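Novice: My questions will all concern the structure given below.
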Amino acid sequence: MSEQKIFTKPLVLTALASASGMLSFGWNTGCINSSQTAIKKFMIDVYFKRNGTHLSPFFVTFLWSVTVSIFPLGGAVGGYFAGPVSRKFGMRNGLLLTNLLGLGAASLMAVSKFISSPELLILGRLIIGIECGFYTGLCPMLLAEVSPKQIRGAIGSLTSLSAYTGLLCAEIFSTPGLFGTEELWPFIFLFAAVPPVIQFILLQFCSEGPRYLLIIRNNEAAARTVLMQLRKKYDVNDEIDEMKREALNLANEKKVSIRELFTNKIYRLPIAVAIVVHLSMRFCAINGIMYYSTDLFKKAKIAEGTGSYATIGVGVILVIMTIVSGYLMDKAGRRTLHLLGLMGTLDIIPNYPFVPFAVITLFAILFLYKYLPETKKRTFEEITMLFRSHMKESPAIIQ
């Protein structure tokens, strides 16, 4: 199959529409990093007007920590419910509903200054965290459904590219030289409405995922039509047959509760690998860098006023490496790239708060090296068989 036939216009449009939601994740991760000085002053001024007293440095730090950390808390909630939402509404319709959630959250955060309510800002951060949690579940699901297995890795990397592009844009626009000032910082949160609007418009020209249509809705005709549009060819029997086999396997399997994922030895290894993969991406200290890099650069005695621009440099590197990894994904494989990326985070850092992250990352490397299968150009059935072979070779992990 030629490259031109693989990258069809409907596939590219659907991929861009799906990945565009992750712009919101990146934007709302990075938008408060460089603008924290202006937002902290807003909080201090509001509480002084209310109570006639200045907040202590401890309470200012606590309030700011809540503002930052409530976003990933909301993300955990959204991520948890992404699965049920995808099964009930489908990925496309689930994303459309999520877009509306993002618009409401952006409005709350943008008006918080004008009604002197830090609480509204925090509430908006929670809601937009939930929105981004839905994105982290729904966007990759839809991308996986529409992508041919030959380029599934490259297409899947669009979520990271979109997220880090949003992060970079947020870091640029939130600098004190642009919108990170006492007067203009509400616009940073108003701009958080842009990614949901973009995705909402793009999704109007996209169809639902074919696997969802066939396996969940039992609508083979609709699934076949969508695949024919995506592949720009009439014969899509191979993919339809693969999905039918998957549907048959699912029909023969009983529904599994969350408790059974950890108690049933058949699922224990796959769920352990999935958890360690996700934890390794978060516990390699990248979140601390994305949320607090401006402060970290200040404490590293970088020249006054340049911390925000050093943070932009971090964003540029993230975007560049995401492009590189997208190119290498289907050549080197996800497993190899993930392990190399984790090894790259094990630099010796003299500041002891990073030591726990290094220990967790080292454990993740050793565990994933042994149990994480390569998924390059493999079907879901083939990946399942790899897990089963691992369980036979290493029964201790599933006892």
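The values are calculated or read from the model by the stated rules, or taken from the named source; none is laboratory data. As the structure is a computational prediction, the values presented were derived from the model and not from experiment. Positions of Cβ are backbone-derived with ideal geometry, glycine not excepted, and every protein chain shown enters the neighbour counts.
Novice: Inspect region 197-216 for any residue being modelled with pLDDT of 90 or more, in the same structural domain as Val111 (by TED's automatic domain parsing), more than 27 Å from Ala15 (Cα to Cα) and not in a loop (DSSP other than H, G, I, E, B) and give the result as yes or no.
Specialist: no
Novice: Give the residues of region 169-189 that are buried (at least 22 other Cβ atoms within 10 Å of the Cβ) and within 18 Å of the chain's Cα centre (by Cα), sorted by residue number.
Specialist: Ala170, Glu171
Per-residue answers, yes or no, for (1) surrounded by fewer than 20 Cβ atoms within 10 Å (Cβ to Cβ); (2) farther than 29 Å from Ser308 by Cα; (3) at pLDDT below 90:
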position	(1), (2), (3)
Phe7	yes, yes, yes
Leu13	yes, yes, no
Ala17	no, yes, no
Met91	no, yes, no
Ala106	no, no, no
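Novice: Follow-up question, since we're still on this one. What helices (runs of 4 or more DSSP H) completely inside region 258-312 contain at least 2 residues that are at pLDDT below 75, within 30 Å of Ala38 (Cβ to Cβ) and not basic (Lys, Arg)?
Specialist: Numbers: elements: 258-263, 265-282, 286-299.
Output list reads 286-299.
Novice: A further question follows. Filter region 190-207 down to the residues that are surrounded by fewer than 22 Cβ atoms within 10 Å (Cβ to Cβ) and not polar (S, T, N, Q) and list them by number.
Specialist: Going residue by residue through region 190-207, those that are surrounded by fewer than 22 Cβ atoms within 10 Å (Cβ to Cβ) are 190-191, 193-194, 197-198, 200-202, 204-205, 207.
Result: Leu190, Phe191, Ala193, Val194, Val197, Ile198, Phe200, Ile201, Leu202, Phe205.
Novice: So in region 129-168, with the set limited to residues that are under 13 Å from the mean Cα position of the chain (by Cα) and among the β-branched types (Val, Ile, Thr), which one is surrounded by the fewest Cβ atoms within 10 Å (Cβ to Cβ)?
Specialist: Thr136
Novice: Looking at region 1-83, what helices (runs of 4 or more DSSP H) fall wholly within it and have at least 1 residues that are aromatic (Phe, Trp, Tyr) and farther than 30 Å from Gln150 by Cβ? Break it down stepwise before answering.
Specialist: Values: elements: 3-6, 9-20, 22-30, 36-51.
Once the helices (runs of 4 or more DSSP H) in region 1-83 are filtered for at least 1 residues that are aromatic (Phe, Trp, Tyr) and farther than 30 Å from Gln150 by Cβ, what remains is 22-30, 36-51.
Novice: In addition: Hey, does region 148-163 have a residue that's closer than 20 Å to Leu95 by Cα and either modelled with pLDDT of 90 or more or outside the structural domain of Leu100 (by TED's automatic domain parsing) (or both)?
Specialist: yes
Novice: On to the next question. Considering only region 329-343, how many residues are within 20 Å of the chain's Cα centre (by Cα), among the aliphatic types (A, V, I, L, M) and closer than 16 Å to Gly156 by Cα?
Specialist: Looking only at that region, the number is 2.
Novice: For region 230-242, enumerate the residues that are at pLDDT below 85, surrounded by 15 or more Cβ atoms within 10 Å (Cβ to Cβ) and within 19 Å of Ala15 (Cβ to Cβ).
Specialist: Val236, Glu239
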